[in-house]
1. In terms of the Cα gyration tensor, with a ≥ b ≥ c the square roots of its eigenvalues, is region 122-276 rounded because a/c is under 1.5, prolate because a/b exceeds b/c, or oblate?
2. Go through Lys55/Lys287; Lys46/Lys174; Lys180/Lys272 and tell me which ones have a Cα-Cα distance over 27 Å in this structure.
3. Considering the dipole of the chain built from charges on the beta carbon (Lys and Arg +1, Asp and Glu -1) around the Cα centre, which of Leu102, Ser263, Val218 is farthest to its positive end?
4. Give me the one-decimal Kirkwood hydrodynamic radius in Å for the chain, with the sum taken over alpha-carbon pairs.
5. At 222 nm, what helix-only mean residue ellipticity would the chain give, in deg cm²/dmol to the nearest 500, using -39500 (n - 2.57) for each DSSP H run of four or more?
6. Starting from the Cα of Phe344, move 7 Å in the Cα-to-Cβ direction to define the label point; list residues of region 418-461 whose amide nitrogen is under 20 Å from there.
7. Put +1 on the Cβ of every Lys and Arg and -1 on every Asp and Glu Cβ in region 111-261; which of Trp121, Ala198, Ala146 then has its Cα farthest towards the positive end of the dipole?
8. Summing +1 for each Lys or Arg and -1 for each Asp or Glu, what net charge is found among the other residues whose Cβ lies under 14 Å from the Cβ of Leu271?
Amino acid sequence: MSQFSATGRLGDILKEVERISPETSQKFNDSIVSAIYGDAERITRKVVRQKGKPKIDWDKKLDDLLTSRLFGIPFMFLLLTLIFWITVTGANYPSAVLATVLFWGQDRLTDLCVWLGAPVWVNGFFVEGIYRCLAWVVSVMLPPMAIFFPCFTLLEDMGYLPRVAFNLDYLFKKAGTHGKQALTMSMGFGCNAAGIIACRIIESPRERLIAMLTNNFVPCNGRFPTLIALAGLLVMGTVGSLGATCIVMGVVLLGIAVTLAVSRVLSATLLKGIPSSFTLELPPYRKPQVGRVIVRSIFDRTLFVLGRAVCVAAPAGAVIWLLANIQVGKFSVLAHCANWLNPFGQLLGLDGHILMAFILGLPANEIVLPILIMSYLATGSMIELNSIEALRQLFVVEHGWTWLTALCMMLFSLLHYPCGTTLWTIWRESGSVKWTAFAVFIPLGVACALCFVVALAARQAGWV
């Protein structure tokens, strides 16, 4: 009975302290948790004996480096940069080979349609619409994902990702949110929908909502191929693959910064409150099981995401082909929509076709770039995208892209509203249409505002 009495009395004390000063209550909670873990550590040292204990505690040595205030965050950024560089550099050749093979298959399908005497619209709908979209999705997405996901899964298997959360805990507390948001944000690099589900680990409803509303600002695996392709295809020819890697890494860091900034604004306005603390137990470092990691990353992540993209890309390719070939007056439906959006797109450093690609790409971020290509091809010369130079020709020569267009599209891709799967997950997790709507309009507003400012500054400075 004395134990329960003491527990109840401690709860009354905590409530009284919180009523007087929430800040003091937070410090009091932290001190209690620290005291509990300190006592547990002292007891463990007295009663636990380890046979054959190594002379050097390598876990502690590594943590002294990887979680230190001086080297922890710089090492984390350096490691992410290395992964992106390996992805950007390693994906170029297999992407070109896949594109050559798949678009060779497109020619054979066209020959088959001619041999069968099929109507022109059959070849257009099934080959130039559905097959071409699928070919681009596979050739552009598969090589980067096949490299990036195993690398990221290796870090997870080694036990490094909890160290990332430890390093970022202080920044999230400063932003007025829960330190566990660093873990849910890390999950968002794989899939934002998975990051939303991971927000269940945050006990506070206020902090859970903030984490859900801001998880979209880190690029998921569906947006990485677009970011990598834009950086590689439009920048690599002038500054090399290392420069393209740095650009992708810069976009990722911007996403983390926007996550912190928007979290801070939400915690001071719509979702006011004091951040709660948590205790993170760092697991020991483990030797990664490379074979299991590769199999798991390929089947659970790469093929899963690619399969979802293919399932969405097939009907999207058909819809885009129909919009591009159904005429209203002298122009197609797609051209009418793109022309109507073009003035607004120009304000953002984009164009109407890019905005239409993002609108039609709501089901999955993976198909935004294929939709844009099909939109351009429907209004320009019907070239085959069997090389990186062909894509550069389409964007830069045929449609007048500049470095500002590429940059603003990267920013918009990073910051715009979540995909349909993520929005559905937010609605299920929050149980609120209102917060799901906020999940759409907050990132959309941030994306439009930042692109507008960047485009205006570049034009005023005379850089474009």
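1. prolate
2. The answer is Lys46/Lys174.
3. Highest projection toward the positive end goes to Ser263.
4. 24.5 Å is the Kirkwood radius here.
5. Dividing the helical sum by the residues of the chain leaves -24500 deg cm²/dmol.
6. 418-420, 437-456
7. Towards the positive end, the residue furthest out is Ala198.
8. Residues close to Leu271 contribute a combined charge of +4.
Bear in mind that the values in this text are calculations on the coordinates, not laboratory data. As the structure is a computational prediction, the values presented were derived from the model and not from experiment. Positions of Cβ are backbone-derived with ideal geometry, glycine not excepted, and every protein chain shown enters the neighbour counts.
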